[in-house]
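Take a look at the structure below.
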Amino acid sequence: EVKDVNELMTRLAKSQRVRQVFIRNVFRYYMGRNEMLSDSMTLMAADKAYLDSGGSFKALLISLLTSDSFLYRKTLTKG
């Protein structure tokens with residue numbers, strides 16, 4: 001149980017699971033697809049970049065947009 005909204009926010013902000021879900025959803029948005037097993041290194045690197053930078057969204061994006069998952073992504077073509 002939590003006593004108020006501030007305690008809830010604090011708990012969520014410190015949660016490893018919430019951080020991982022956030023990073024996964026950023027990945028999905030910018031890649032335009034769900035993650036695959038082959039993206040595991042990209043997700044771990046993004047998580048590390050985010051943590052090492054003190055929670056910088058910019059560092060997270062740089063990590064994702066310079067990853068092999070992004071650089072060598074397959075585009076869907078209408079055929």
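What number, in percent, do you get for the relative contact order of region 1-66 if the mean sequence gap of Cα pairs under 8 Å and at least 6 apart is divided by its residue count?
On the way: 33 pairs, mean separation 14.9, N = 66.
Computed value for region 1-66: 23 percent relative contact order.
Under the rule of -39500 (n - 2.57) per DSSP H run of 4 or more residues, summed and divided by the residues of the chain, what mean residue ellipticity at 222 nm is obtained, to the nearest 500 deg cm²/dmol?
Values: 5 runs with 52 residues, N = 79.
That calculation yields -19500 deg cm²/dmol at 222 nm.
Let me know the number of lysine pairs in the chain closer than 30 Å at the Cα, not counting same-chain pairs under 8 apart.
On the way: K3/K14; K14/K48; K14/K58; K48/K58; K48/K74; K58/K74.
Lysine pairs, 8 or more places apart or on different chains, close enough: 6.
Using only the Cα atoms of region 1-49, build the gyration tensor, take square roots of its eigenvalues as a ≥ b ≥ c, and label the shape rounded, prolate or oblate: rounded if a/c is under 1.5, else prolate if a/b is larger than b/c, else oblate. Walk me through the numbers before you get to the answer.
Working: a/c = 3.45, a/b = 2.49, b/c = 1.38.
The shape class here is prolate.
Accessible area per residue of the chain at 1.4 Å probe, in Å²? Don't skip to the end; give the middle numbers.
Numbers: 6290 Å² over 79 residues.
For the chain, the per-residue accessible area is 80 Å².
The values are calculated or read from the model by the stated rules, or taken from the named source; none is laboratory data. Treat the numbers as computed from the prediction; the structure is a model and nothing was measured. We work out accessible area using only protein heavy atoms, side chains counted, and drop any ligands, DNA or RNA first. Shrake-Rupley method; radii C 1.70, N 1.55, O 1.52, S 1.80 Å.
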